[in-house]
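Here is the structure we will look at.
The values are calculated or read from the model by the stated rules, or taken from the named source; none is laboratory data. Here the structure is a predicted model, which is why all the values come from computation and not from measurement. Quick reminder, even Gly has a Cβ in these numbers, built from the backbone with ideal geometry, and neighbours come from all protein chains shown.
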Amino acid sequence: MKAIYQPTVNNFTNMPYRRLPNTDSARLKSLKAAYDKAKELPPFQLAFSANSFRQIQKVLPSYENAIHEHKNALNIQAEKNKEYQKRLKKIRLYISHFIQVVNMAIMRGDMLPETRSYFGMEEEEKKVPTLASEEDVVEWGQKLIEGEQKRRNKGMNPITNPTIAVLKVHFDKFMEYHNYQLSLKKRSQRAQDQLNEKRAQVDGVIQQLWNEVENSFADLPEEMRREKATNYGLVYVFRKNEISSTTVFQSPRIEETG
């Protein structure tokens, strides 16, 4: 009789392993799969405890809300940032041009080098200060406004083109957007912190849930156990270098990983 070849799976080197979800969409998918099972089957037929189901009912809506709040906060911040960047670019130009006017007036002899000291600059400093950061812009905007006010209080001629009045209009508008953007960043950070907290709670619920499911099917053969567990949202993965040798007994919901 001709021998029949039957491929086998090495249970030690080619055994798929359980992979807990690590993204919000994967976490939601896992929770909802278990939730749907609990709605589909009577409690005594479920592969997880009533306590785990209560935890799912408790954490699922709050987790979805935390995800929504986080996305909403980021979207608002991104939307408002477009106008903020325009204001930032504009005030940078006004600050730079104002200082350049001062430097050119000193170069022509119309003003003395000590004029720079009113604005917090060294008397011989001829370069426009770095305005790379938003903090630099805030700092130098305030210095120019305060310095020009001191000069005017002493009866000195105003610097023009631009005047400090025009610069101040743009600076005040920039500061309005700047403070609002800071508040949006704080809101986004709070939403991020709350979401991280919910993720930790959800991960605990899912791990407990998956442990209970696997324990419920512990007496079944390996492939059947995994097959039933995947119906509850569990995910099993093969490493890529193991895929070619595991063409049989592979659950349709077993994935591969790198």
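Just to be sure I understand, how many residues within the range 78-101 are over 11 Å from residue 144 (Cα atoms), in contact (Cβ under 8 Å) with a residue 40 or more places away in the chain and hydrophobic (A, V, I, L, M, F, W, C)?
Residues flagged as over 11 Å from residue 144 (Cα atoms), in contact (Cβ under 8 Å) with a residue 40 or more places away in the chain and hydrophobic (A, V, I, L, M, F, W, C) within the range 78-101 amount to 3.
Is it the case that the range 49-68 has a residue that's free of Cβ contacts under 8 Å to residues at least 24 places away in the same chain, under 15 Å from residue 206 (Cα atoms) and among the aliphatic types (A, V, I, L, M)?
The answer is yes; a qualifying residue exists.
Any residue at all in the range 17-24 that is within 30 Å of residue 180 (Cβ to Cβ) and part of a helix (DSSP H, G or I)?
So in the range 17-24, the residues within 30 Å of residue 180 (Cβ to Cβ) come out as 24.
Remaining after also requiring part of a helix (DSSP H, G or I): 24.
Within the range 17-24, one or more residues are within 30 Å of residue 180 (Cβ to Cβ) and part of a helix (DSSP H, G or I).
Which count do you get for residues in the range 16-56 that are surrounded by 12 or more Cβ atoms within 10 Å (Cβ to Cβ) and touching a helix residue (DSSP H, G or I) at 6+ places or on another chain (Cβ under 8 Å)?
Residues flagged as surrounded by 12 or more Cβ atoms within 10 Å (Cβ to Cβ) and touching a helix residue (DSSP H, G or I) at 6+ places or on another chain (Cβ under 8 Å) within the range 16-56 amount to 21.
Which residue pairs have Cβ atoms under 6 Å apart, sit 6 or more places apart or on different chains, and have a first residue in the range 19-41 that is in contact (Cβ under 8 Å) with a residue 40 or more places away in the chain and more than 10 Å from residue 206 (Cβ to Cβ) and a second that is β-branched (Val, Ile, Thr) and in a helix (DSSP H, G or I)?
24/67
Tally the residues that are within 18 Å of residue 56 (Cα to Cα) and crowded, with 19+ Cβ neighbours inside 10 Å, restricting the search to the range 180-197.
1
Can you tell me which residue among 106, 95 is closer than 21 Å to residue 171 by Cα and buried (at least 16 other Cβ atoms within 10 Å of the Cβ)?
Of 106, 95, the one residue that is closer than 21 Å to residue 171 by Cα and buried (at least 16 other Cβ atoms within 10 Å of the Cβ) is 95.
Scan the range 79-94 residue by residue and report those that are touching a Leu at 6+ places or on another chain (Cβ under 9 Å) and among the hydrophobic types (A, V, I, L, M, F, W, C).
The answer is 91, and nothing else.
Of the residues that sit in the range 127-179 and are in contact (Cβ under 8 Å) with a residue 24 or more places away in the chain, under 14 Å from residue 94 (Cβ atoms) and of a type in the set (D, E, K, R), which one is surrounded by the most Cβ atoms within 10 Å (Cβ to Cβ)?
Checking each candidate, the answer is 148.
Right, residue 113: surrounded by 14 or more Cβ atoms within 10 Å (Cβ to Cβ), at pLDDT below 95 and either within 23 Å of residue 172 (Cα to Cα) or in contact with a helix residue (DSSP H, G or I) (Cβ under 8 Å, 6 or more places away or on another chain) (or both) or not?
In short, no.
Could you please find all residues in the range 127-168 being touching a helix residue (DSSP H, G or I) at 6+ places or on another chain (Cβ under 7 Å) and assigned to a loop (DSSP other than H, G, I, E, B)?
Selection gives 128, 129, 130, 131, 158, 159, 161, 162.
Step by step: first the residues of the range 198-239, then only those that are outside any helix (DSSP H, G or I) and among the hydroxyl-bearing types (Ser, Thr, Tyr), then the one that is surrounded by the most Cβ atoms within 10 Å (Cβ to Cβ). Which residue is that?
Our first condition is that a residue be outside any helix (DSSP H, G or I); within the range 198-239, this holds for 217-221, 231-239.
This time we only want the ones that are among the hydroxyl-bearing types (Ser, Thr, Tyr), so: 232, 236.
On the way: 232: 22, 236: 18.
Of everything passing the filter in the range 198-239, 232 is surrounded by the most Cβ atoms within 10 Å (Cβ to Cβ).
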